[in-house]
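Read the structure below first, then the notes.
Since every read-out is calculated from the coordinates, none of them should be taken as a lab result. The structure presented is a predicted model; accordingly, all values stated were derived computationally and were not measured. In this analysis, Cβ positions are derived from the backbone assuming ideal geometry, glycine residues included, and neighbour counts consider all displayed protein chains.
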């Protein structure tokens, strides 16, 4: 049987990839996918824990995360579309009206 | 009579605020009429003054004490009380405010707001002196900043915004650290006695009785309180906000600032620092006295070279307040009495000086000494009053300034501290004679060199009304000091006892 | 395993406990449906919104006494915990939500933006916030947080054709989702370490040092890592330094009334969940050192937040941006209360801050005028004596934010400082005090511009809309009430019944 730590390491790697991507990617769609990657990395951890602890709350958690991620995708894509309509670009660097 | 006595302190404190509210209502329903606003402000401030006069007779009466629960779960109470220390400062405040209202009669920019702020300020100032609950004290202390900020910022001179902000930031830094000390004292007192209260009287008593503060704690709290008060005094080198604020403030603002606000610092030192943290007070006495002496000499020297009349008076304040601090930290009864007396003197003489400067500023719109000269010819009455006030400020015998400075110097000389401090401070007296007399000579005497000054009108009736009461007081306080001193003696003796007994005990320990 | 779940969990469905949420959800949907009508009547929809909030408030109030007698109401298998802590936060959210509706009515009308969706989004966000405050399980915190956040993302981008609003929404969305991901990862790790996702289970596991599922000792590394991740996530949500960078941009770009909502209710909700997890669950445990670890790191964060927030605010020229930095600084003060383990202090502080801020932002929505444009501080020049009512209101609210006595802001700071000093966080308190002295400078600047500068051009201002007027009046009354007579509220909070009593 694959030990728990393997799942956790994989999950951590995926999460880190997502987090790094969040800061290096310039295209909003890619950034958005990085966020999804982070959420799904957590899902992996949750499922692994759930199975290891023999406790169902983790799996329940995963369902909720999936639902929420879908809702988030709905709102997020809507925002991206409205930005694209106004600017004809989805490059995050061009969003610079509000000084950082 | 009982009813009156029970409520008189509340009335004296809040009558001005009530007046301010009535003025706002009046202007809302009857239209904003500047003349009516001035009259109402004068009426309410005079009424407050009259209401405060009975305190001279009743100050020791315990029925005067107001104490009511305010925020029970924190131990905050609405506690007002007058004693020998605060009595004269309250009277000084209530006296100066109507005079300031009179002196501001000519202001025609936003009269209603000006007068409302003036009355709010009065409530704040009286409240600071009467509050016997640290929370309440802090509240008045801070709230008072707001009207003063606006008085300087809206009705001030050229650089008013800078001066107003500097004034507020300086005061805030000091007072917020004081807030921390208040909280710490409250918690320490609560932890050791089981009673969580902000009551100043109770805490002072319990500190003397149970001695629950360690030396270290005393030092920190003394420093936090003293910083707030010394910024307010202002003690050298924390004085830099004062000349700016004085110069930019309108005449009445300067009078209030010099007459009352600075006294809140020295009052605080006597109310909190000496009786509550006696050992720390002894430990800090020499450094503070050295700063005070530096302030005395430095203020006098800088005043000497000022071309601007208001700045000259402002720096003379630094010098005079140095005397007050010196007398306070001499830890002798004579010194403290002198300090208290000097607070009143300074309030009256410097207040009068600012009013006098205001009189000629109104006529010539300049305060430069070089613009004047020979004013005694066109304005003889003005020159006479100016001379009396100057002499009082120098400390001529038979005028009030002499009594205060003399007591302070004697008190310092006979104290346990090095005598050299008193000796150097004495040079400040000489220096003050130099700069004041030199200034009067350049302003009042000699030939009229400037064409504009030839036809200057002498003081009007309204200006006389503002100045004469102060001149009368200057002479009265000079010839009959015991009228004032005997009423403050009891409280000062108690402070003297607290600060010395405990410190000696601490040394033995 | 399936049978285990069915056996252990009793499906205690208790609608009474969640009446406030149900009412708000229903009225949110009702407003949304009204909005579809061909020619929706603005007034009717405002009415539904107001009635919905008032009824939710009544429902919350009716729960107060039962909780007083039974201590707490748990519903849906410990998913929802109604105690005085949650009810207190319900009140904050309901008040803020209601006032947000009031200040946005005239703005929406002037901008010809759809009203129904806006109102329903606010209401759904409030429902999410309530779930956060009442959560008894990590998943509820997550769900509540997401309901609130997703609604707020949409609100921030509500002016679809405005580039700044778009930008604000995108930034908020990206960084908010990232923060959620961190928070979620933290939750997963804590779940793994303690063997429970119920808050009470986590608390017990930490106190007894026993994993609830495996009955072995709690896995320390996972626990600490999880707590750290949650700390990062919550720090994002309350905009604490160094996770605050999104705040000024988002606050500046979003419509002013939405900014008001984000700066007050969203922040309060994040703090509610923060308190639930950290103060009530990560208690001083059995040989874990978790408590001292998080308080120490949070102390540093609080100090940095107060310093950075206040200093950055000094140099701002845009009013909304300045208030954004001020809200960062205020988060720092609230964190000082949080490290002192004193939920009453934090909750009171958040109430004072929210009440004051909603009024200030209400005035900004009015002053910003057409297109929500005139939000530079210089735009206020000469307002002072010209429009005395508005400027005095602004003065009072800014003084409260600065923490001048007699106002709510002072009382809040006082309570927090007292709590933290009592617990020995002396450095944090002194930093807090010095930075609040500095903060006076930037709170005074609008006043300087308003009162001390002469008017350049005669402004054409519309009369104050009723909604804004009511909000500002309520906000000022609240400011003075909390500043002068907070005694009764303190008493109520002291007697409050809270589940998971702090182990002291």
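Against chain C, whose longest principal axis comes from its Cα atoms, helix C:388-402 is set at around 30 degrees.
In summary, segment C:223-285 shows an alpha-carbon radius of gyration equal to 1.27 times the 2.2 N^0.38 Å reference for compact globular proteins. Compactness of segment B:409-450 was expressed as the Cα radius of gyration divided by 2.2 N^0.38 Å, which yields 1.80. Relative intensity of the protein assembly as shown on a log10 scale, I(q)/I(0) at q = 0.04, 0.07, 0.08 Å⁻¹, equals -0.24, -0.70, -0.87, per a Debye sum over C-alpha point scatterers of equal strength in the absence of solvent. Calculated over chain A, the projected area of the Cα convex hull averaged across directions stands at 7.4 nm². Here the mean projected area of the convex hull built on the C-alpha positions of chain C is 22.5 nm².
Taking Cα atoms only, the orientation of helix B:461-479 departs from the longest principal axis of chain B by about 50 degrees. Helix A:28-53 and the long axis of chain A differ in direction by around 10°, with both axes built from C-alpha atoms. Evaluated on segment C:82-127, the Kirkwood hydrodynamic radius is 11.5 Å, with distances taken between all distinct Cα atoms.
Neighbour counts of other Cβ atoms within 10 Å put A:49, C:142, B:483 in the fewest-to-most order B:483, C:142, A:49.
As a length-normalised measure over Cα pairs under 8 Å and 6 or more apart, the relative contact order of chain C settles at 15 percent.
Kirkwood analysis of segment B:12-91, using all unique Cα-Cα pairs, places the hydrodynamic radius at 14.8 Å. Three principal axis extents describe the C-alpha atoms of chain B; from largest down they are 72, 61, 42 Å. The equivalent ellipsoid that matches the C-alpha gyration tensor of segment C:345-389 spans semi-axes of 26, 13, 8 angstrom, in descending order.
I'd like the distance separating the alpha-carbon centroids of segment C:140-218 and segment B:164-240, in whole Å. Segment C:140-218 and segment B:164-240 have Cα centres spaced 43 Å from each other. Legend: mean number of C-beta atoms from other chains within 10 angstrom of residue C-beta atoms, peptide C:482-492, equals 3.
Dividing the convex hull volume of the alpha-carbon atoms in segment B:1-138 by its residue count gives 118 Å³ per residue. With only the Cα atoms considered, segment B:428-500 has a convex hull volume of 167 Å³ per residue.
With a Förster radius of 25 Å applied to the beta-carbon distance between residue A:9 and residue A:36, the computed FRET efficiency rounds to 0.80. Counted by neighbouring Cβ atoms within 10 Å, the residues B:371, B:501, B:405 run from fewest to most as B:501, B:371, B:405.
Can you give the translational diffusion coefficient of segment B:158-247 in µm²/s, computed by Stokes-Einstein from the Kirkwood radius over Cα pairs at 4 °C and 1.567 mPa s?
Approximately 89 µm²/s, per Stokes-Einstein.
Calculated on the Cα set of segment B:69-220, radius of gyration then Dmax: 18.5, 57 Å.
What is the log10 of I(q)/I(0) for segment C:22-146, computed with the Debye formula using one identical point scatterer on each Cα and no solvent, at q = 0.11 Å⁻¹? Evaluating at q = 0.11 Å⁻¹ gives log10 I(q)/I(0) of -0.40. Size estimate for segment B:280-509 follows the Kirkwood approach: the inverse of mean 1/r over distinct Cα pairs works out to 18.4 Å. Among C:391, C:354, sorting on how many other beta-carbon atoms sit within 10 Å of each Cβ, with the fewest leading, yields C:391, C:354. Across all directions, the shadow cast by the convex hull of segment C:186-317 built on its C-alpha atoms averages 8.3 square nanometres.
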